[in-house]
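Throughout, read-outs are computed from the coordinates displayed, never taken from laboratory work. This structure is a prediction, so every number in the text was calculated from the model and none was measured. Please note: Cβ atoms are built from the backbone with ideal geometry, for glycine as well, and neighbour counts cover all protein chains shown.
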Amino acid sequence: MSSREYPADELREVLSGMGVKDVVSAARYGSGHINDTFKVDCASGTSYILQRINTDIFDPDAVMSNIRRVTEHIRAKGGGTLEVVAYTRPWRLYAFISGAHTVDVITEAGQAFKAASAFADFQNALADLPAPRLIDIIPNFHNTVSRIAQLDAARAADVKGRAASCAAELGFVDARRAEASRIVDLMARGDIPERITHNDTKINNVMLDDVTGLGTHVIDLDTTMPGCALYDFGDMVRTSTANAAEDERDLTKVFSRKEYFEQLVKGYLGKAKFLNEAELANLAFSGRLITLTIGIRFLTDYLAGDVYFHTTCDDHNLVRARTQFKMVQSMEEQAADYEAIVRATASSLRG
Ligand code: GN1
Ligand code: MG
């Protein structure tokens, strides 16, 4: 779906309703695929992030209820987190975080260590969030089995007549159906516990300090809800080890970098002491699985006619699916090395 334009007057009216009246500029910001995001600069020198929460996908009140609880809990512990300034359904205003930045593709392995530490801190901080349970914002969000069922439905309906042109990509998924249920089954059996997780641990969802490079704030908390720690780690592998952007057309540039994976594992396991044996045993696998799952979602949206993710060209979702599957292939080729890295790091940290 191409994102819609918001005339300056409309944005000023929304901001005025939130008590912000000295707006100098409000311009599109960031690279999210779901919400509409703007950076707002005011005459006073204050800046904000204004977002229109996508109501086709989210129940904004449920999202904001989880976010308020999560941010208050992290702040009470002294952690850096988002600050909600105002919320007028479906618009919300955050304080702009200065002195830190995000990156879409990282360029040194040490950044992977820092990002993984920050996401592990986030999971640690929320481990003792008091009841009630957070709201399931999108049920079965990372459930690969139900994502494959959605792909099958889109392929059968083939509303845009695109299925024939995706035979190779559909075949890639078909060849991996057998492994789709591994984590879902372990969770159903209780071998892997439910934890509070972020569920969108893309590298550009952690802000890195401009000076130290340390991860200071985990952002984009829309999908923070009960989930599986492995999916958070897996999405770090998907995005932090990638050598190229999620929509790179030249697939020779797309592969998973082993030295970045090693730093991710070290950064994550150094902090995520809560992981049990079943989680540890599936840590390397989680990278392949979540990358396959996100690829399936892009391919599904391509077949469905681009109704979910923001796109800027006709084949954007297909291009994204291809990069994901190339990343899966690259991780599969290095699977033995990746498993060995997890085992060696776990035994050196845990004895
Ligand atoms: C979406 O909006 P953004 O870019 O933070 C998506 C994630 C995907 C991601 C792929 C609610 O996140 O699940 O992993 O795109 N968010 C939702 O880049 O579907
Ligand atoms: Mg997101």
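Couple of notes before you dig in:
- For Asp36, the residues whose amide H sits under 5 Å from its own are Arg52, Asn54, ignoring neighbours fewer than 5 places away on the same chain, with H placed 1.01 Å from N.
- Here the Karplus relation 6.51 cos²θ - 1.76 cosθ + 1.60, evaluated at θ = phi - 60°, turns the backbone of the range 343-350 into coupling constants of 4, 5, 5, 4, 6, 6, 8, 9 Hz, with x for every Gly and Pro.
- Rounded Å value of the spacing that divides the Cα centres of the range 206-245 and the range 157-201: 20
- Between Asp158 and Tyr29, the simple label model (points 7 Å from Cα in the Cβ direction) yields a spacing of 4.5 nm.
- Evaluating 6.51 cos²θ - 1.76 cosθ + 1.60 at θ = phi - 60° for every residue in the range 300-310, the Karplus couplings come out as 4, 5, 4, 5, 7, x, 6, 9, 10, 7, 4 Hz, glycine and proline recorded as x.
- Couplings for the range 268-275, taken from phi via the Karplus curve 6.51 cos²θ - 1.76 cosθ + 1.60 with θ = phi - 60°, read 6, 5, x, 10, 7, 6, 7, 4 Hz in order; Gly and Pro are left as x.
- Two-site FRET efficiency, Ser98 against Ala149, from Cβ-Cβ distance with R₀ of 30 Å, rounded to 0.05: 0.10
- Taking the range 261-300 and a reference point 7 angstrom along Cα→Cβ of Glu179, the backbone N atoms nearer than 17 Å belong to 261, 279-297.
- Rel. contact order, % - alpha carbon contacts under 8 angstrom, at least six apart, the range 101-349: 29
- Of every Cα-Cα pair in the range 1-92, the percent that sits beyond 17 Å: 54
- Subtracting the Cα-Cα distance of Lys77 and Ala188 from 0.36 nm times their residue separation leaves 36.7 nm of extension gain.
- Taken over the chain, lysine pairs spaced eight or more positions apart, or on distinct chains, with alpha carbons under 16 Å apart number 7.
- The range 114-188: radius of gyration and largest Cα-Cα distance (Dmax), Å: 17.7, 50
- Note on the range 65-116: dipole from Cβ charges, positive end direction compared against His101, Tyr87, Ala112; the farthest Cα belongs to Tyr87.
- Helix-derived mean residue ellipticity, 222 nm - over the chain, DSSP H n ≥ 4, -39500 (n - 2.57), to 500: -14500 deg cm²/dmol
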